[in-house]
Amino acid sequence: MEQILISEASEILIGRGVPAPFLPVRSTRSSVAVLAQPGARAAADRAVAAIQVGGVLATSRIVPDGEAVKTLTAAGETYEWLADLGIGRNDTIVGIGGGAVTDFAGFIAGTWLRGVEAVYQPTTLLGAVDAAVGGKTGLNLRGKNLVGLFRHPSRVVIEIDELEQLPPHLLQEGFAEAIKAGFIADPGLVDLFDRDGPDADLEQVVIRAVRVKAEVVAGDFRESGRRGILNYGHTIGHAIEVAAGISHGRAVAIGMVAAAAVSEQRCGFRGAAKQRALLDRLGLPVVSPEVDPDDVRRLIGFDKKRDAGGLRMALLEDFGRVTLEYVSDRDLEVGLAAVGLA
Ligand SMILES: NC(=O)c1ccc[n+]([C@@H]2O[C@H](COP(=O)([O-])OP(=O)(O)OC[C@H]3O[C@@H](n4cnc5c(N)ncnc54)[C@H](O)[C@@H]3O)[C@@H](O)[C@H]2O)c1
């Protein structure tokens, strides 16, 4: 079993059949409230059984699926449930499922009684390599994640056996963020995908991708600088996600193709063709679906990563070497053209 420390108070455990993983984080606690997605019902049942073996009372609640949970309404209902259960200061809130539920559970844990312990078990690959790592929690309002906290869970438990059961489309979602971690900081991770494509050893993929994110986050928790490198592929990708209504992982893959073209132009990056072939081999799209390029341009203008100095993008100098650069509209056009949005 691999342990990655985010801080002294926050650890990530990655392995197969991690034994009774939820115990003991805090010895004094007496009750655990488990919030689980419908797709993670079986994992939640196993967690409840494991927690109860330790003599701690555990109760689970299936919450709305996907983004439907990241609402003030679902939060209000969950607070009422926690009150009924009598969840107190020394108790723990566990989130089991994809990134939507770990974002939600982290927010609930951070606000209930001004903050109780949070533990996550991500059951999607995207959740494991991205959402559950880094301490961002959130609910959606009129925009995504407009309400939230920066707060690490005390433990994240990643069960590789569980992730290996995922259907291909959910694996692909996670591959996009996992290989991104390789592109920006770990050429060895790129090599893993280069050798074995979608059959790459999932345990190694998760360990290496989590290490990259954990290391970046440890140096810049509140995203005031270096954490921006994790946005590689997201500036143009996020705009395409919104304009075309496609999933996040697929949009990031297209965004990385665009960012590689800008990197080639601005930083002399020579791996754009290889990157494109790798993404394609993983079953990810490398050109944009048909959308109005002006919609994408407008959405990039609204991108939250734009600051007073202009738009900053994470660009590659080489696999594993990334830099944050201000880009011009002309640079952006090169990226858009590379994914068919001229
Ligand atoms: N906090 C962060 O830093 C961060 C980073 C990236 C993404 N996110 C958030 O993560 C969310 C996306 O995460 P996601 O892609 O995991 O989506 P998701 O949480 O919506 O889950 C996707 C689907 O997978 C199903 N599912 C979960 N576990 C399963 C399993 N073991 N087998 C089969 N199906 C299963 C779910 O029920 C759901 O229908 C978004 O809300 C996004 O904002 C947060």
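Counting only DSSP beta bridges with both residues in the chain, what percent are antiparallel, rounded to the nearest 5? Working shown, then result.
Working: 16 of 40 bridges.
Among the beta bridges of the chain, antiparallel pairing accounts for roughly 40 percent.
Where does the chain land at 222 nm, in deg cm²/dmol rounded to the nearest 500, when only DSSP H runs of n ≥ 4 count, each adding -39500 (n - 2.57), divided by all residues?
On the way: 12 runs with 151 residues, N = 342.
Helix contribution divided over all residues of the chain: -14000 deg cm²/dmol.
Here the gap between residue 41 and residue 277, fully extended at 0.36 nm per residue and compared with their Cα-Cα distance, gives a gain of 81.3 nm. The alpha carbon radius of gyration of the range 189-316, expressed as a multiple of 2.2 N^0.38 Å, is 1.09. The residues of the chain have, on average, 41 Å² of accessible surface per residue, using a 1.4 Å probe with all protein chains present.
Amide hydrogen proximity for residue 318: with H placed 1.01 Å from N in the peptide plane, no residue at 5 or more positions away or on another chain lies under 5 Å.
In units of the compact-protein estimate 2.2 N^0.38 Å, the range 2-166 shows a Cα radius of gyration of 0.92. Only lysine pairs 8 or more places apart or on separate chains count here, and in the chain those with Cα atoms under 15 Å apart total 8.
Summing charges over all other residues whose Cβ lies under 14 Å from the Cβ of residue 294, with Lys and Arg as +1 and Asp and Glu as -1, gives -3. Among the protein heavy atoms of the chain, carbon and sulfur supply 49% of the accessible surface, probe 1.4 Å, non-protein parts ignored. 3J(HN,Hα) along the range 143-154, derived from phi through the Karplus expression 6.51 cos²θ - 1.76 cosθ + 1.60 where θ = phi - 60°, amounts to x, 6, 6, 6, 10, x, 9, 8, 6, 7, x, 6 Hz, with x in place of Gly and Pro.
Our compactness index for the chain, the C-alpha radius of gyration over the empirical 2.2 N^0.38 Å, is 0.99. Taking label positions 7 Å along the Cα-Cβ direction at both residue 195 and residue 59, the computed distance is 4.9 nm, reported to one decimal.
Using the Karplus relation 6.51 cos²θ - 1.76 cosθ + 1.60 with θ = phi - 60°, the per-residue 3J(HN,Hα) values for the range 32-39 come to 10, 9, 9, 10, 10, 6, x, x Hz, with x marking Gly and Pro. Highest GNM mean-square fluctuation among 59, 92, 235, for the chain modelled with Cα contacts below 10 Å: 59.
The values are calculated or read from the model by the stated rules, or taken from the named source; none is laboratory data. None of the values given here were measured: they were computed from a predicted structure. No Cβ is skipped: glycine too gets one built from the backbone with ideal geometry, and neighbour counts run over all protein chains shown. Side chains included, ligands, DNA and RNA excluded: accessible areas come from the protein's heavy atoms. Shrake-Rupley method; radii C 1.70, N 1.55, O 1.52, S 1.80 Å.
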